[in-house]
Amino acid sequence: MTAALRADLEQALGAEHVAAEDAREWRVSPGAAAEVAEVVRIAGRHGAAIIPVGSASRAPRLRGVDRSRVMVSTRRLDQVIHLDETSLLCHVQAGLTGLGLEKVLTPRGLSIGDYPPSLLGSTLGGLVAVRTPGKSSARHGFFEDAVLGLSAVLADGRTVHTRAAPRRATGPDLARALCGSEGTLGLITSVVLRIHRRPEARFLAAFVLPGVDAAVAATYLALREEAATAGLRVLDAAEAAHWYGAAVCGDGEAVVVAATAGPTDLAACDRDLITSAVRAEGGRDADLALAETWWKRRHSAEPWPGPPPSFQLTATPARLCGAYHAVRGAVTAAGAAARVHLSRFDATGAVLFVTFVDPEAGPVATAPVLTGAREAAVRDAALTAARAAGGYLFGGRARELDPYLQALRAALDPDGLMNPGALVG
Amino acid sequence: MAPPAVDPDRLRKELEAIVGPRRVSMRPVDLDTYARDMWPRLLLARRAGAPPAHLPYAVVWPESAREVASLVKRARALGVPIIPYGGGSGVCGGVVPVHGGVTLDLKRMQALRSVRGDELIADVEAGLSGERFERDLARRGFTFGNFPSSIYCSTVGGWLATRAAGQLSTKYGKVEDRVAGLTVVTGTGELIDTDGPSRALGGPSWTQLVLGSEGTLGVITSARLRLAPAPQLRVFRGFEVGSVAAGTEAIRRVLQRGLRPAVVRLYDELDTFLNSLKPGGGHGDGRDDRRQHAFAPAPLPGEGALPVLPGPPASDRDDGPLRRLLALGRRGSRGLRQDAMGALLSRPRAVNGLVGAVAEKLARKGCRLIIGLEGARIRTEIEAALTFAELERAGCKDLGEEPGKQWLAHRYAVSYKMSPAFRDGAFVDTMEVASSWEQLMDLYHSVRAAIGRHAVVMAHFSHAYPEGCSIYFTFAGHADDRAGSERLYDAIWRDGLEAATRVGGTISHHHGVGLLKGPYMFGEHREAMSLLHGLKRTLDPDDIMNPGKLGLVHPHAPEVDGSGGAGGPGGGGRP
Ligand SMILES: Cc1cc2nc3c(=O)[nH]c(=O)nc-3n(C[C@H](O)[C@H](O)[C@H](O)COP(=O)(O)OP(=O)(O)OC[C@H]3O[C@@H](n4cnc5c(N)ncnc54)[C@H](O)[C@@H]3O)c2cc1C
Ligand SMILES: Cc1cc2nc3c(=O)[nH]c(=O)nc-3n(C[C@H](O)[C@H](O)[C@H](O)COP(=O)(O)OP(=O)(O)OC[C@H]3O[C@@H](n4cnc5c(N)ncnc54)[C@H](O)[C@@H]3O)c2cc1C
């Protein structure tokens, strides 16, 4: 039976695009949306699971998946289908990465927008298929808000196209069923994305504030005055020392680096609004070089220097400081230390990046300082405290709504073929 | 009409057991009132003296989400449809009980439960009137930013259920852009919250899947909505631009530079011409709105915030362009008597051409463009300067503040002026479509031509986005009797919406679908309708929530006479 599946796949795609991973798993790379539909129909006939794969920044969830698997890589779906420079819309295939799209847009004076550059190594399909709070920009909103329409293959092999419109009032936004569904409701083959002109001007600024609370307050003061940022980061003293040296600010103080962008007068206005907000919260100017270093590293192709953050949290504006202090307190109480920065600020909140550090080892540690059970224990203590203070860990789900998600899956995919291990448990 | 599926006495008892005797009505006058909304096609029947084709079995006024949940559970057990009802200001027949059922008027659920300044979030019950909501927020220094012309007669829940848009949408967005979470009673009678904290949650956004569902997936009982600080400054300006194409190009350039005026309205030649006529004839001088200002007190000295709302739409003098369009038939055409308008509107092609030509000759002004900005003082000032400069660079001529102020003063008045037209035997309606900038002129010409074959038509462009814009067509038609009027009315919608779909536009930007556009939903969504069917099966497995709407066909419904709900494309959405 598995041989028959393989034969069908090879016939549909050509043998060179079908690879056996193990006895029950095949990796296929269709070259067109119609081929994706064919693969889904074939898998359906053989009762095999369909697992979409983008740039594989995360391992597929296969727990409890007890059937043959077809891993459908979108690698070859990497074309720009239509670039509409009049409407600033771009219809692209799902397997193109953000960076790949930027390569097409940059020479034309266009850009995806100020999303965190670290995201852009992912495929556009993967970016849309997984919802996380980090995928946001204060000027351009959440990544899924940039999706005006998409095409996807459903479990029955049918292809749906939600037609792009700036906005509509013709029932629920059907594209949003696929956004965040992690491949469980359909395989996204292309998306229509809003794009932007490169900003006319950009300004950077750096400040030192009396503490994280003052820095967060200043940020929201500026946002209330409608200052739009192209990026803004609050670093606590430990984090600032890690990046800029211990002399940059005093114990308990915080550093803010910010970028604004847009028409020159407006971008300058936004920078000035941030500056006045910082002054109002008792802050002072810092060396502009801090901001320049940050901006350069943010946009460099170099890998992230040092270990990745130990964990990330998000909270709404009013809970950010509480979550920050809760994490700090819990980490200290557990006899460990951490550095923290906050970024991705917008009206809905921000993201806290927490990295455990070795207080003895100086600022330049490049490997995680806590490992194994010790790491897990400190992290659990921090998360428990953060949750109590209103913070949220990434990747959770509203469990109360799970029955509805499972019902929607059952309605669209009665045989449970689409990424069956995802979004369960 | 299909007879009630349950015995009325039993139904009354079951309902009274939940809300008590005083909040259930089966009185004919209530059933008659709740049988319709502001869909103009229903007014044609009403004008002819016909009773409603579909009546609810009962009207109930719940006071809490718990009561709503119990009512839905009971209705489900009895196999009786539930129709949520807000202000009844919908213009697509969304509340018409085509399969009978119990209508839930939500207006007794109207608490503004909390306003959190630190989070910029309001928790509000669905039945609150739009006007009261904004007035309450304004008192506390905030705005939700949704100012539909119907703000005096629509509810927050109705807005969310239809994805409404207000006059300031270019800055604040449509309602669906400002929702943090919803509380919904689904078709199973279960109460769910769709909030995602900072969108930390995986899985699809249930908020976006319920918004716009027009009561077909559940009853929205309350919502967490995103606020903005009340504006400190408001700047308005009128411009003149040579043509619709030049005007839309100017707007596109403003939006794509990252500038966000709150109000953007470009009137096409006919709309501009009719706007320029004074109610009594001749050209407006913009000074006829002193009395309007009496309702809109000036800001106190030293206090920046301009009034968020003017007074009630109480102009007995300015009937707006619509009325003038109709008045043109009587006044402008010498020798035509009582049926002058009828005669004019029966030859729409001639009128569209003629008035266009007259407008051009008389005015030679091209198109009127109203631009308004509001928000934080410093940034708004700079943004306004950049916006006005960009418009001038794009060839627009600055007319100063007056036209903008005039629009501001009259902005709620126009839409309420449809009844005189109906009294005079004509009908008036509006069609709001949208597309990307690339397709916008195609959309304008195609839909205008399609409607223009049947009716006098004018348009304005409002609700602009960096990637596109909506077009709001107003049309007036006339036929000798009800049957003729309905035929004409259906033909206008059929041809107009098919033209919109053909050139890649959407069939509705903000009025929703209801019964009117149900037959065109397949053309709009094609195979993606299977996603909508999936949602329906998920949230309302027994199909009791507002059946027959959104182009969703009620499977076990008895054939209801000529029901538009089950009609195929081209059915014209008959009630
Ligand atoms: C719980 C969680 C938290 C995360 N948090 C962050 C974060 O905070 N910051 C950050 O930058 N990144 C985060 N990521 C990484 C995130 O996965 C990537 O940002 C991106 O969304 C994945 O892109 P990819 O191309 O690598 O997709 P993959 O890693 O290959 O796939 C990701 C998921 O999406 C599905 N998928 C991929 N392509 C498609 C498609 N075309 N159609 C349908 N489904 C598809 C896959 O089946 C898989 O379930 C997180 C991921 C998860 C799961
Ligand atoms: C003069 C006039 C001007 C208008 N101007 C505008 C405008 O500027 N912008 C605009 O967008 N629209 C406008 N409209 C249309 C109308 O006001 C909107 O569609 C409005 O959102 C409807 O709100 P409502 O409370 O009256 O809803 P209703 O008409 O009572 O209901 C509309 C639909 O939503 C459903 N519904 C209502 N409440 C709920 C709920 N709580 N839960 C679930 N479903 C519910 C109903 O079943 C129905 O299908 C105008 C209408 C008129 C008559």
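At a glance:
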{"read-out": "Filter pass, B:Gly518 being within 18 Å of the chain's Cα centre (by Cα), within 19 Å of B:Gly212 (Cβ to Cβ) and within 14 Å of another protein chain (Cβ to nearest Cβ)", "value": "yes"}
{"read-out": "Check on A:Ala267, farther than 23 Å from A:Phe143 by Cβ and more than 16 Å from ligand 1 (Cβ to nearest atom)", "value": "no"}
{"read-out": "B:Glu176 being more than 10 Å from ligand 2 (Cβ to nearest atom), within 11 Å of another protein chain (Cβ to nearest Cβ) and touching a Leu at 6+ places or on another chain (Cβ under 6 Å)", "value": "yes"}
{"read-out": "Test: residue in the stretch A:307-318 that is under 22 Å from the mean Cα position of the chain (by Cα), under 15 Å from A:Ala217 (Cα atoms), of a type outside the set (Ser, Thr, Tyr) and within 14 Å of chain B (Cβ to nearest Cβ)", "value": "yes"}
{"read-out": "Residue count for the stretch B:525-542, restricted to those that are farther than 15 Å from A:Pro414 by Cα and either outside the structural domain of B:Val80 (by TED's automatic domain parsing) or in a helix (DSSP H, G or I) (or both)", "value": "8"}
{"read-out": "Matching residues, the stretch A:260-290, being surrounded by fewer than 21 Cβ atoms within 10 Å (Cβ to Cβ) and in a helix (DSSP H, G or I)", "value": "A:Thr264, A:Asp265, A:Ala268, A:Asp272, A:Thr275, A:Ser276, A:Arg279, A:Ala280, A:Leu288, A:Ala289"}
{"read-out": "Selection within the stretch B:527-555 - more than 7 Å from chain A (Cβ to nearest Cβ), touching a residue at least 60 places away in the same chain (Cβ under 8 Å) and closer than 23 Å to A:Arg163 by Cα", "value": "B:Lys536, B:Lys549, B:Leu552"}
{"read-out": "Selected residue (criterion: farthest from ligand 2 (Cβ to nearest atom)) from residues of the stretch B:81-111 that are within 14 Å of chain A (Cβ to nearest Cβ) and buried (at least 24 other Cβ atoms within 10 Å of the Cβ)", "value": "B:Cys92"}
{"read-out": "Within the stretch B:402-438, tally of residues that are surrounded by fewer than 21 Cβ atoms within 10 Å (Cβ to Cβ), more than 16 Å from ligand 2 (Cβ to nearest atom) and at pLDDT 95 or above", "value": "1"}
{"read-out": "Residue match in the stretch A:208-229 (condition: within 14 Å of chain B (Cβ to nearest Cβ), under 21 Å from A:Val327 (Cβ atoms) and among the aliphatic types (A, V, I, L, M))", "value": "yes"}
{"read-out": "When residues of the stretch A:386-425 are limited to those that are over 30 Å from A:Pro317 (Cβ atoms) and loosely packed, with under 15 Cβ neighbours inside 10 Å, the one farthest from the other protein chains (Cβ to nearest Cβ)", "value": "A:Asp415"}
{"read-out": "Test: B:Ser446 is assigned by TED's automatic domain parsing to the domain that holds B:Ser435 and crowded, with 24+ Cβ neighbours inside 10 Å", "value": "no"}
{"read-out": "Some residue of the stretch A:203-216 being more than 23 Å from A:Ala350 (Cα to Cα) and either touching a Ser or Thr at 6+ places or on another chain (Cβ under 7 Å) or within 14 Å of ligand 1 (Cβ to nearest atom) (or both)", "value": "no"}
{"read-out": "Strands (runs of 3 or more DSSP E) wholly inside the stretch A:44-123 containing at least 3 residues that are surrounded by fewer than 19 Cβ atoms within 10 Å (Cβ to Cβ)", "value": "A:80-84"}
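Residues are listed down the side, and each one gets a yes or a no for (1) free of Cβ contacts under 8 Å to residues at least 24 places away in the same chain; (2) away from ligand 1 (no atom under 16 Å from the Cβ); (3) surrounded by fewer than 24 Cβ atoms within 10 Å (Cβ to Cβ); (4) in a strand (DSSP E or B):
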{"position": "B:Thr183", "(1), (2), (3), (4)": "no, yes, yes, yes"}
{"position": "B:Pro204", "(1), (2), (3), (4)": "yes, no, no, no"}
{"position": "B:Thr216", "(1), (2), (3), (4)": "no, yes, no, no"}
{"position": "B:Ile220", "(1), (2), (3), (4)": "no, yes, no, yes"}
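The values are calculated or read from the model by the stated rules, or taken from the named source; none is laboratory data. As the structure is a prediction and not an experimental result, all values here were calculated from the model. Cβ coordinates were reconstructed from backbone atoms using ideal geometry, including for glycine residues, and neighbour counts include every protein chain displayed.
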